[in-house]
Ligand code: GBH
């Protein structure tokens, strides 16, 4: 049938492309994923939910925590919707025990959280604060006691302000400080039983929005040349951290990163368009996932930047492409492409394209099929996790105290169906984390956008599982059999 390419057919298609990457040695040696049953979702698949420190914790002055760039940014008038800050957020710092019970009742098997760097190193470097990891150790114990596997992101954007004062990601020292911090935390938490670590969340987002257009902390717009160079420094931070985590942690830990690659979807199933999508996956992500998984910048990327291209050494590219155990992919939306002279063409988004409560978040679940599938075909990771997927909705509570978020149910059901299709087609997706467990601080949108499957009343911190939480629980119970 048209559109259902076998792995071999697909490889042949890509083989005709001029710029198919030489896969890095380490990845090439990984075993291909085991075949999956006809049901698509393999046994042992992990169903989870994700959060991030600044978005849920609150308690920003407790335990000697230092300031992060998001404290500074959110307290700067005009930067965040309604002047919202993460000062209290979901008060997860104090309510995590109840929230773990909520996770358990939902049937979650895994929970992705992030560690706030300034809780551990208040000014970013030097001597760690002894009690800085207490909260995370208690959280991990609580998760384990309830049969939930912790997945720990070590950097989800809350850079210590003191490091920003020294240039932030424009200062190569920041990459070294990050690796020191990550090595230390992974050492401690791996001895507390954490087996899964991610070095960073979404390099693309925090580089481009933090330093490119300034809509995220630290709110700078440094221009193309400096942006390319600081992105390279971030990649170095990732690579050095992979090495530091391996050097300091207990044996058996798995190291990866979470990235939100542009997810190109072929406009048609003609071979040329499928090939165009593969080319686009590689080129549109050239400064991020491609560089990390191949250990080189594409020629097209370097040519496009001309004199603004980053300076780098072969040694640095080896560090950046340090072998990974898992690739975490955050997919929310798709980019439609078709074949065009020179490779591919990114199609514009029509003004009436359906979207969720966030205008950027178009309803285009195909990213969950083509995203993992193209990553698998291009770079053959042994393990992929969907580390984020979800949507905002204008959730309100009925007079009976229910939140009937049918739009989110529709979004999740369709995304999960597309993910199942990716697995059928050979993508090594081993787990899925809905974004998010709780409504939370949605960065520059503050609390105006709700992404949780659990509703949070910010007035009294009450949690109410939405209809989508019920849908998700039933889906977990059947391991996606009905997708
Ligand atoms: C993820 O970013 C983040 O990892 C997570 O923390 C976040 O809460 C979640 O998604 C939901 O947004 O308003 O037009 O300027 C997803 C990538 C990049 C999507 C920035 C929103 C802003 C678009 N995000 N983008 S716009």
Region 243-289: projected area of the alpha-carbon convex hull, averaged over directions, in nm²: 4.8 nm²
Å³ per residue enclosed by the Cα convex hull of region 171-211: 66 Å³
Calculated [θ] (222 nm, deg cm²/dmol) that DSSP helices of n ≥ 4 give over the chain, each run adding -39,500 (n - 2.57): -11000 deg cm²/dmol
Burial ordering of 482, 352, 71, fewest other beta-carbon atoms within 10 Å first: 352, 482, 71
Region 296-417 - Rg (one decimal) and Dmax (whole number), Cα, Å: 19.3, 62
Percent of Cα pairs exceeding the 16 Å cut-off, where the set is region 365-441: 54 percent
Largest-first principal axis extents of the Cα set of region 7-478 (Å): 58, 50, 46
Residue order, fewest to most surrounding Cβ atoms within 10 angstrom, among 303, 275, 408: 303, 275, 408
Pair residue 481, residue 308: separation of 7 Å Cα→Cβ label points (nm): 5.4 nm
Range of Cα positions in region 176-242 per principal axis (Å), largest first: 42, 19, 15
Inter-label distance, nm, simple model (7 Å from Cα along the C-beta direction), residue 458/residue 61: 2.0 nm
Separation of alpha-carbon centers, region 237-314 and region 411-483, rounded to whole Å: 26 Å
For 433, 353, order by how many other beta-carbon atoms lie within 10 Å, fewest first: 353, 433
Normalised contact order of region 7-478, rounded percent, pairs of Cα under 8 Å and 6 or more residues apart: 19 percent
Relative packing of peptides 464-471, 137-144, 321-328 - highest average C-beta neighbours within 10 Å first: 321-328, 464-471, 137-144
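Bear in mind that the values in this text are calculations on the coordinates, not laboratory data. Predicted model, so just to flag it, every value in this text is computed and none were measured. So basically every Cβ, Gly included, is an ideal-geometry build from the backbone, and we count neighbours across all protein chains shown.
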